[in-house]
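Nothing in this text is a laboratory measurement; each read-out follows from the coordinates by a stated rule. Not measured: the values here are computed from a predicted model. Neighbour counts are summed over all protein chains in view; Cβ atoms, including those assigned to glycine, are modelled from backbone coordinates with ideal geometry.
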Amino acid sequence: MAIVVEEEQKTRSWPIIITSIVVIAALFFGAYYLFFKKPELIEIVVPGNLQNLTRLSAAQFDPRAVIDSAVFKTLRDYSTPITVPPAGKDNPFQPF
């Protein structure tokens with residue numbers, strides 16, 4: 001009597017294969033639309049108040065005129081100088 005040795009046939013699970021192909025395709029298309037697709041441009045109508053900003057942005061500012069003005073020269077400094085304490089302790093082995 002002969003012993004017949006056969007390899008076990010693996011059954012393919014077609015729903016798992018199809019589902020994995022669909023998931024991989026969805027990931028590729030999602031990455032394409034997220035990173036490579038050029039977005040649509042949104043048209044925004046500028047209100048009339050913002051159109052006045054062009055006139056304001058064209059204005060010239062001279063800091064020397066502000067510094068040399070009489071009002072700026074009458075200002076006084078009422079702040080106190082900040083003293084920075086030394087960092088750390090004199091004796092690092094001293095308890096808190």
Any aspartates and glutamates with Cα under 19 Å of the Lys38 Cα? List them, leaving off those in the same chain fewer than 8 positions away. none
Cβ-placed point charges (K, R +1; D, E -1), dipole of the chain about Cα centre in debye, nearest 20: 440
Surface/4 of the Cα convex hull for the chain, nm²: 27.6
Which is farthest toward the positive dipole end of the chain among Ile16, Pro85, Phe96, measuring Cα position about the Cα centre, with Cβ charges +1 (Lys, Arg) and -1 (Asp, Glu)? Pro85
